[in-house]
Amino acid sequence: MIFLVAAVAWLVLVAGYATQGARQLLADLRHPVLAPFVSLAVIIPMILASALATVAFAAGRALVIFFLAATIAVASDALLWIGRERPSGAVLYCVLVLVVITGFIALIAVRTVMTAARGELLPTS
């Protein structure tokens, strides 16, 4: 139930953010402070999809793969931004921590799906 509430909240927030348009999204992705928060739009559904995989394996697995690819794209863009802008100090550490934490979250999501594939997390009723 909590994952359903989280998914609805995510959809409402992403829809509201999308109404600002592509220009604002691109500006936020280039902003040194806002860019890590924009990446949450692809990290959070990966977690939700891994929970879905425990009850609807095929759909959950497909969504984890999709959002994993989106997360890799966002993290790659962040690393390319570091190469272009050459930030220093707190901004550099913030972006690098984002990339590392994103990797850990992706590993957890993939592990959950793989565990569900073996049937260890599936409901027994």
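Out of all the residues in segment 91-105, is one or more modelled with pLDDT of 80 or more and part of a helix (DSSP H, G or I)?
So the first thing to find is which residues in segment 91-105 are modelled with pLDDT of 80 or more, and the list is 104-105.
From the residues that got through so far, the ones that are part of a helix (DSSP H, G or I) too are 104-105.
There is at least one residue in segment 91-105 that is modelled with pLDDT of 80 or more and part of a helix (DSSP H, G or I).
Test L34 against the criterion of being of a type in the set (A, V, I, L, M, F, W, C) and under 26 Å from M1 (Cβ atoms), and give yes or no. When the stated conditions are applied, L34 does not pass them. When segment 1-50 is filtered for residues that are charged (D, E, K, R) and surrounded by 15 or more Cβ atoms within 10 Å (Cβ to Cβ), only D28 remains. Residue pairs whose Cβ atoms lie under 6 Å apart, separated by 6 or more positions or on different chains, with the first residue in segment 99-119 and without any contact (Cβ under 8 Å) to a residue 40 or more places away in the chain and the second outside any helix (DSSP H, G or I), are T115/L121. From the list G119, G83, the one residue that fits, being surrounded by fewer than 12 Cβ atoms within 10 Å (Cβ to Cβ), in a helix (DSSP H, G or I) and modelled with pLDDT under 75, is G83.
Note on segment 76-98: residues that are without any contact (Cβ under 8 Å) to a residue 40 or more places away in the chain and under 16 Å from A27 (Cα atoms) amount to 3.
Counting only helices (runs of 4 or more DSSP H) that sit wholly inside segment 1-61, those with at least 2 residues that are free of Cβ contacts under 8 Å to residues at least 40 places away in the same chain and of a type outside the set (F, W, Y) are 2-18, 22-30, 40-52.
The values are calculated or read from the model by the stated rules, or taken from the named source; none is laboratory data. Nothing here was measured: the structure is a model prediction, and the numbers come from that model. Please note: Cβ atoms are built from the backbone with ideal geometry, for glycine as well, and neighbour counts cover all protein chains shown.
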